[in-house]
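In what follows, a structure is listed as structure tokens, so that the remarks can point back to it.
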Amino acid sequence: MEEALKQQPSNCIKVVLFGPESTGKTTLSIQLARYYNSVWVPEYARDYLQNKWNNERKTCEPKDLLPIAVGQMELENTLAQKTDSVLICDTDLLETKVYSEEYYSGTCDPLLEKHALKNNYDLYFLTYIDTPWEADDLRDKPEERQEMFEAFKAALIKYKRPFVLLKGDKKTRLATATKHINQLLEKNDEVK
């Protein structure tokens with residue numbers, strides 16, 4: 001299990017879309033992957049939990065978090081080998097850690113926490129709650145968006161992760177994100 005949670009070495013810049021549910025992370029992930037003609041790592045938890053809901057009519061439970069984390073890292077490690085420019089991650093294990101703590105009385109599996117803090121990314125894009133709420137089978141906290149946003153922001157600050165706040169419409173967010181990714185790519189080219 002421990003090996004499955006490790007982030008494998010790669011030659012790409014890794015950025016993470018990070019924040020509460022229904023804040024445009026997936027939409028922007030896809031836009032950025034297209035913009036850079038690169039790949040994006042979807043959120044493994046969406047398919048995993050939708051399948052669970054469809055088959056069992058049950059929502060996420062603490063026992064689901066490690067399988068979700070393993071699936072997420074498997075996707076990331078596989079897709080990171082398909083690009084040498086930028087990898088767009090729809091989420092990461094730190095996001096799973098925040099959800100665990102917010103939903104399950106401040107607790108997080110020690111193995112998940114270890115790798116959430118150990119895995120490394122070049123930049124996080126913290127998505128603000130100024131997008132319309134879109135309900136689905138899995139989203140469940142429309143009235144707690146501000147509290148959830150603050151929890152995600154606090155985690156980035158606490159663990160000293162480099163981040164940029166994304167606000168505004170899709171066009172504005174894309175422009176802000178590409179500006180910062182371009183700066184990372186330029187720095188990366190200078191090092192090579």
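All of the numbers you see were taken from the coordinates with simple rules; none came from a lab. Please read all numbers here as calculations on a predicted model, not as lab measurements. Note that each Cβ is placed from the backbone with ideal geometry, even for glycine, and that neighbours are counted across all protein chains shown.
What spacing in nm lies between the two simple spin-label points modelled at Glu3 and Ala175, each 7 Å away from Cα in the Cβ direction?
Simple spin-label model gives 4.9 nm for this pair.
For segment 1-15 and segment 34-68, what is the separation of their C-alpha centers, rounded to whole Å?
Between the Cα centre of segment 1-15 and that of segment 34-68, the gap is 18 Å.
Just add up the charged neighbours of Lys160: K/R +1, D/E -1, any other residue whose Cβ is under 14 Å from the Cβ of Lys160.
Surrounding charge for Lys160 is +3.
Compare Gly71, Gly106, Gly168 in a GNM of the chain, Cα atoms joined below 10 Å, and give the one with the largest fluctuation.
Looking only at Gly71, Gly106, Gly168, the largest GNM fluctuation is found for Gly106.
Per the helix-only calculation at 222 nm, which mean residue ellipticity applies to the chain, given -39500 (n - 2.57) for every DSSP H run of n ≥ 4 and division by its residues, nearest 500 deg cm²/dmol?
Dividing the helical sum by the residues of the chain leaves -16000 deg cm²/dmol.
Strictly over 18 Å apart at the Cα level, which of Lys14/Lys179; Lys14/Lys171; Lys14/Lys187; Lys97/Lys167; Lys6/Lys114; Lys63/Lys158 would you flag in this model?
Lys14/Lys171; Lys97/Lys167; Lys63/Lys158
Along the Cα-to-C-beta direction of Asn11, a point sits 7 Å from the Cα; which residues of segment 18-39 have their amide N less than 19 Å from that point?
Within reach of a label on Asn11, which here means backbone N under 19 Å from a point 7 Å along Cα→Cβ, segment 18-39 contributes 36-39.
Could you give the distance between the Cα centres of segment 97-131 and segment 164-192, to the whole Å?
Answer, in whole Å: 22.
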